[in-house]
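One structure is given here, and the rest of the page talks about it.
The values are calculated or read from the model by the stated rules, or taken from the named source; none is laboratory data. Values in this document were obtained by computation on a predicted structure and should not be read as measured data. Cβ atoms come from the backbone with ideal geometry, glycine included; neighbour counts cover every protein chain shown. Note: accessible area is taken over every heavy atom of the protein model, side chains too, but ligands, DNA and RNA are not part of it. Shrake-Rupley method; radii C 1.70, N 1.55, O 1.52, S 1.80 Å.
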Amino acid sequence: TVEVKAIAREAGERTKMAVWSKNPNVDAVGACIGHQGARVKDVLEEITKYSNNDERIDVVEWSADLVQFIKNIMKPAEIMGVLPSGDGNGLLLVVDNEKLSQAIGKRGINARLASKLLNRKIDIKSMSEVESMGIDWLAESQAFAAKEEAVRKQKALDELKRIEEEKAAEEAAAKEEN
């Protein structure tokens, strides 16, 4: 089965949808797009019945790894680094100098949809711009990725512990009934 984890839309322009499957043998993105894009084409045909725009749908793979998820959202633009910015909820995405406009998108659409999918403020800058600000983006990006991975692992461990405790409580209750 495929689960839609997040969706962001700017009507008449573009939709980005993040999907995931528990089953590693299921290609969640491919399942949503369909053979030769058939499923997406059907949805787009319905949308265009009610508008004159050529809307597009991007289906991306969701990941619990925040940095990987951001890279998936921003494809085909290559994200060189991800750093925290602002109040801690914002993110600074570092891209190759020649790929800045691709990452931002026409009239900022890619940046806005990424921000909606992540529920965070997104700022996209080129490597040279970040370096001119005196930021060691590579080191900061590696530190951020390591911190995010540690948080993700801790959440997974906490969830496993909760499940084990729940199972133990159910087993104890079943023993008491007998």
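Just a few scattered comments:
- Of residues in region 2-41 being part of a loop (DSSP other than H, G, I, E, B) and open to solvent by less than 40 Å² (accessible area, probe 1.4 Å), the one nearest to ALA64 (Cα to Cα): SER21
- Considering region 124-172, and only residues there that are open to solvent by less than 80 Å² (accessible area, probe 1.4 Å) and of a type in the set (S, T, N, Q), the residue that is nearest to ASN89 (Cα to Cα) turns out to be SER141.
- Among the residues of region 87-123, the ones that are closer than 20 Å to ALA18 by Cβ and open to solvent by 90 Å² or more (accessible area, probe 1.4 Å) come to 3 in all.
- Members of region 87-120 that are of a type in the set (A, V, I, L, M), part of a helix (DSSP H, G or I) and free of Cβ contacts under 8 Å to residues at least 40 places away in the same chain: LEU100, ALA103, ILE104, ALA111
- Residue in region 47-54 that is in a loop (DSSP other than H, G, I, E, B), more than 13 Å from the chain's Cα centre (by Cα) and under 24 Å from ALA139 (Cβ atoms) present: no
- For region 65-79, the tally of residues that are outside any helix (DSSP H, G or I) and either open to solvent by 70 Å² or more (accessible area, probe 1.4 Å) or under 22 Å from ARG14 (Cβ atoms) (or both) stands at 5.
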